[in-house]
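Q: Handing you a structure now.
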Amino acid sequence: MRVRIGVTVSRRSGWRIFPLLAFNVWLAGGRAVRWQTGYDVNVDAVDGIIIGGGDDIAPALYDMQPMMTARIDPERDALERHIVKRAWSENIPLLGICRGSQMLNIAMGGTLDQDAYTTFGTRNIKTILPRKRVRVVAGTRLSLLAGDLPMSVNALHSQAVDRLGDGLRVAARSDAGMVQAIERVEDPFMLGVQWHPEHLFYARRHRRLFEGLVEAAEAYRAGRDQGQQVDALDAA
């Protein structure tokens with residue numbers, strides 16, 4: 001039986017984004033379950049989680065005032081923050097994509113740079129094509145999955161991680177130094193990438209991110225099932 005991966009998406013764009021994420025999860029050996037505000041979100045029924053991309057996160061969540069006009073969804077912010085915190089406390093494997101990477105950082109007490117490209121003085125090229133390059137930090141989980149060589153990635157964001165949240169480390173940066181990936185310092189699997197690997201499924205290194213999540217979800221399910229069996233024996 002394939003592991004179940006809960007996938008959060010926007011109410012506005014989920015209809016077109018979820019199928020692509022579900023396809024990547026299927027290629028990796030899992031089965032995706034769509035989550036969004038207004039849906040039944042049952043964390044107990046999944047083995048792993050993807051926090052998807054979409055709208056900017058409200059600056060109030062990291063105690064800042066908005067610096068620029070942005071489309072926000074407070075209900076989605078609250079839902080995803082709750083999901084990330086629960087995944088962290090219960091060791092549920094999680095992959096954050098673009099907004100999802102930022103939410104991982106915020107849920108752990110970090111902050112965002114609302115106008116990151118101005119801060120780093122680089123051109124903001126928004127495209128699903130792999131026209132940007134990131135440098136992977138050696139010795140990270142990301143490097144174990146995708147290798148240490150620079151990666152060609154896409155980008156649709158204007159914000160980026162600023163101050164790191166508790167228990168997180170940088171896993172990749174742009175050539176200019178902008179944070180492009182973060183991850184949990186200790187097991188289990190919890191990785192956030194600023195780009196959109198779901199559009200790059202034809203590239204092995206990007207598929208490995210979804211495969212890594214599914215592998216971690218399989219281990220999580222096996223451990224949970226074993227624990228339930230022990231509890232059942234103790235109760236008997």
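The values are calculated or read from the model by the stated rules, or taken from the named source; none is laboratory data. Only a predicted model underlies this, so the values are computations on that prediction, with no experimental measurement involved. For neighbour counting, all protein chains shown are included, and Cβ atoms are generated from backbone atoms with ideal geometry for every residue, glycine included. The accessibility values were calculated without ligands, DNA or RNA, using every heavy atom of the protein model including side chains. Shrake-Rupley method; radii C 1.70, N 1.55, O 1.52, S 1.80 Å.
Q: Would you calculate the separation in nanometres between label points at V185 and R31, each defined as 7 Å from the Cα along the Cα-to-beta-carbon direction?
A: 3.8
Q: I've got another one for you. Residues of region 24-46 with the amide nitrogen closer than 19 Å to a label point 7 Å from the Cα of R11, along Cα-to-Cβ, please.
A: 34-42
Q: In nm, to one decimal, how far is the modelled label at N42 from the one at R224, with both set 7 Å along Cα→Cβ?
A: 1.1
Q: Sticking with this structure for a sec: Please report the orientation-averaged projected area of region 105-233, defined via the convex hull of its C-alpha atoms, in nm².
A: Mean projected area of the Cα convex hull: 8.7 nm².
Q: Ignoring ligands, DNA and RNA, how do M64, M178 rank by accessible area with a 1.4 Å probe, largest first?
A: So, going from the largest accessible area down, we get M64, M178.
Q: Compute the convex hull volume of the Cα atoms of the chain, divide it by the residue count, and report the result per residue in Å³ as a whole number.
A: Roughly 124 Å³ of hull volume per residue.
Q: Placing unit charges on C-beta atoms (Lys and Arg positive, Asp and Glu negative, everything else neutral), compute the dipole magnitude of region 50-184 about its Cα centre in debye, rounded to 20.
A: 460
Q: What does region 98-177 give for Rg and for Dmax, in Å, if only its C-alpha atoms count?
A: Gyration radius and largest Cα-Cα distance of region 98-177: 12.6, 32 Å.
Q: Which of A216, A203, A87 moves most in a GNM of the chain, Cα contacts under 10 Å?
A: Of A216, A203, A87, the most mobile in the Gaussian network model is A203.
Q: Starting from the Cα of D175, step 7 Å along the direction of its Cβ; do the same at A60; then give the gap between the two resulting points in nm.
A: 4.1
Q: Another question, then. Considering region 13-78, what Rg and Dmax in Å follow from its alpha-carbon atoms?
A: 14.3, 42
Q: Which residue, F189, F120, F18, tops the fluctuation ranking in a GNM of the chain built on C-alpha contacts under 10 Å?
A: With Cα springs under 10 Å in the chain, the top fluctuation among F189, F120, F18 is at F120.
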